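This report concerns only the one structure given below.
The values are calculated or read from the model by the stated rules, or taken from the named source; none is laboratory data. Keep in mind that what you see is a predicted model, and the values were worked out from it rather than measured. So basically every Cβ, Gly included, is an ideal-geometry build from the backbone, and we count neighbours across all protein chains shown.
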Amino acid sequence: MTATILCMPFVCVYAPFEALFLPFTSHRKIACSGIRRGSFLRKIVSAIDHSRRGLVLNILVVNAGSSSLKYQLVNIANNKVLAKGLCERVGSEQSLHKHGIDENEFVYKLPLPDHTAAMRVVLDILSTGPNAVIKDMNDIAAVGHRIVHGGEFFKESALIDDDVISKIDDLAELAPLHNKAALAGINACRALMPDTPMVAVFDTSFFQTLPQYSYMYPIPYEYYEKYGIRKYGFHGTSHRYLCERAAAILGEDLNEIRLITCHLGNGCSITAVDHGRPIDTTMGFTPLDGLMMGTRSGSIDPAIVTFLMDHEGYTPEEMNTILNKESGLLGISGISNDLRSVREASDAGDPRAILAYEMYSTRVKKYIGQCLALMSGTDAIVLSAGVGENCDKMRRMIFAGWQPLGIILDPEKNKQRGFERIISSDKSKVPIIVIPTDEEYMIARDTYNIVHNRSQIVPASHYGTK
Ligand code: ADP
């Protein structure tokens, strides 16, 4: 009741004059939270809210994991990151909140029992105290959530409502940890910012145009029908960004060229993009398929799985842990999943670290080769993410010996790090381009466009500043 009364004057006074609104902001904050969902007054407040948000270009990008919550507040008008951070060990008494503004990082130890508590802390630090970057929740136009699995249902990003939430929940069977965590993030935002529109951006949707011969596995067809077992592909938001940027760097229309985009981070995937449309990608039914990664095996003979379960008595869960968390660079080197540590050891002559480098680079080479064969060539090869952007040694090994194919790395350009650049020789028929990926920008852009029902106000080709 009190809440409704507090809200009344603001509704009446504000409507025609934007400027008169501002002094009432804090009252409004209290007022709105007290208004019953669906009430007439709440609808008016919401309508005003949206009209005001039309002026606001800050998008909060949220990436919720099972025990983490990453966020970035992005101003979509100039792709400026106003603040970003990470809540770690959510669900424990020993949580950490790391918050960064420009070059400064603040670290707080505090209990964050769940994602709502984490989100509350994030909104608080964004809007209050000496390091506030916004005045209040009205300075956040919308929230974009990264969702790992959109199955066959989500072919593009979607405005979040009850139906979308229940669909993401249904799809959790395909990515139990990821989709449930994302839902925790969505629910936290819904509880704390009930009037702020939200958008779901899926890792899989970019690959929904894969041809059927590419996404089907050669196992009995009934498992596709019964369980949806097929290739979905992941890292789609990153591959999409890399395509747009590469086309801009080449000065070509994305729909007129062929690209091979390599996202080589902790998780790794390569995609063949033919005239703007992905035709194959290395990750599959899950993000375990394809390349050798930090801790993931990538593709192996599937019979190894049943052999190990037979001989070691592993449960499916234990087998999952081995393939997802104990394999890849870590499993082979026995040193680390971080390529920097593996590099130190390989430079010092450690045979398993050397082997890890050889296996990793050979697999990347092999999959790039597959993409070349599928598209009968390519107009550029793009490298991105932690390894692709930074590791000159790995890049050297990947492209070694490709002169006969007209793909020639420039050794000097290859040594540079940290910005967009062409690292192939001027004689190379195929440019090799390093592009720092920017998934958060893509999520923010999709979110803005969907909320404002606009097509691409600021294309990724406009940026590439990282
Ligand atoms: P994520 O997939 O988690 O986003 P990143 O894209 O941040 O991962 O990539 C992380 C990986 O990048 C690290 O584990 C490390 O192996 C690699 N990496 C980052 N910098 C370097 C470097 N200078 N040299 C070699 N590897 C690097």
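Which one is farthest from the chain's Cα centre (by Cα), of the residues in segment 413-433 that are more than 13 Å from Arg396 (Cβ to Cβ) and assigned to a strand (DSSP E or B)?
Here the answer is Ile422.
Would you check if there is a residue in segment 395-405 being away from the ligand (no atom under 14 Å from the Cβ) and either within 30 Å of Asn78 (Cβ to Cβ) or in contact with an Asp or Glu (Cβ under 9 Å, 6 or more places away or on another chain) (or both)?
no
Suppose the filter is within 24 Å of Val387 (Cβ to Cβ), more than 16 Å from the ligand (Cβ to nearest atom), surrounded by 17 or more Cβ atoms within 10 Å (Cβ to Cβ) and in contact (Cβ under 8 Å) with a residue 24 or more places away in the chain; does Ala356 pass it?
Taking the combined requirement at face value, the residue does not satisfy it.
Name the residues in segment 333-353 that are part of a helix (DSSP H, G or I) and either within 11 Å of the ligand (Cβ to nearest atom) or surrounded by 19 or more Cβ atoms within 10 Å (Cβ to Cβ) (or both), would you?
Answer for segment 333-353, where residues must be part of a helix (DSSP H, G or I) and either within 11 Å of the ligand (Cβ to nearest atom) or surrounded by 19 or more Cβ atoms within 10 Å (Cβ to Cβ) (or both): Ser333, Leu339, Arg340, Ser341, Val342, Arg343, Glu344, Ala345, Ser346, Ala353.
Which of (1) in a loop (DSSP other than H, G, I, E, B); (2) under 20 Å from Gly294 (Cα atoms) does Lys365 not meet, given it meets every other one?
In the conditions (1) in a loop (DSSP other than H, G, I, E, B); (2) under 20 Å from Gly294 (Cα atoms), Lys365 misses (1) alone.
Would a scan of segment 381-393 turn up a residue that is touching a residue at least 24 places away in the same chain (Cβ under 8 Å) and away from the ligand (no atom under 16 Å from the Cβ)?
yes
Is one or more of the residues making up segment 370-380 closer than 24 Å to Ser297 by Cβ, within 16 Å of the ligand (Cβ to nearest atom) and assigned to a helix (DSSP H, G or I)?
Looking for residues that are closer than 24 Å to Ser297 by Cβ, within 16 Å of the ligand (Cβ to nearest atom) and assigned to a helix (DSSP H, G or I), one finds none in segment 370-380, hence no.
Please indicate, with yes or no, whether at least one residue in segment 444-457 is among the β-branched types (Val, Ile, Thr), modelled with pLDDT of 95 or more and within 16 Å of the ligand (Cβ to nearest atom).
Taking every residue of segment 444-457 in turn, none turns out to be among the β-branched types (Val, Ile, Thr), modelled with pLDDT of 95 or more and within 16 Å of the ligand (Cβ to nearest atom).
Which condition number in (1) within 24 Å of Glu256 (Cβ to Cβ); (2) in contact with a strand residue (DSSP E or B) (Cβ under 9 Å, 6 or more places away or on another chain); (3) of a type outside the set (Gly, Ala, Ser) is the one that Asn414 fails?
Against the list (1) within 24 Å of Glu256 (Cβ to Cβ); (2) in contact with a strand residue (DSSP E or B) (Cβ under 9 Å, 6 or more places away or on another chain); (3) of a type outside the set (Gly, Ala, Ser), Asn414 comes up short only on (1).
Taking the conditions exactly as written (under 19 Å from the mean Cα position of the chain (by Cα), over 17 Å from Val387 (Cα atoms) and either more than 16 Å from the ligand (Cβ to nearest atom) or part of a strand (DSSP E or B) (or both)), does Pro287 satisfy them or not?
no
Output the residues belonging to segment 311-320 that are surrounded by fewer than 16 Cβ atoms within 10 Å (Cβ to Cβ) and assigned to a helix (DSSP H, G or I).
Matches in segment 311-320: His311, Glu312, Pro316, Glu317, Glu318, Asn320.
Which is more than 16 Å from the ligand (Cβ to nearest atom), buried (at least 19 other Cβ atoms within 10 Å of the Cβ) and over 28 Å from Met442 (Cβ atoms), of Leu308, Leu330, Leu323?
Leu323
Residue under question is Ser269, and the condition is that it be within 12 Å of the ligand (Cβ to nearest atom) and in a helix (DSSP H, G or I); does it hold? Steps first, please.
Details: within 12 Å of the ligand (Cβ to nearest atom): yes; in a helix (DSSP H, G or I): no.
So Ser269 fails the test.
Going by what's in this entry, would Ser424 be described as closer than 19 Å to Ile270 by Cα and more than 13 Å from the ligand (Cβ to nearest atom)?
yes
Just need a number here: residues in segment 233-266 that are over 19 Å from the mean Cα position of the chain (by Cα) and assigned to a helix (DSSP H, G or I).
Of the residues in segment 233-266, 7 are over 19 Å from the mean Cα position of the chain (by Cα) and assigned to a helix (DSSP H, G or I).
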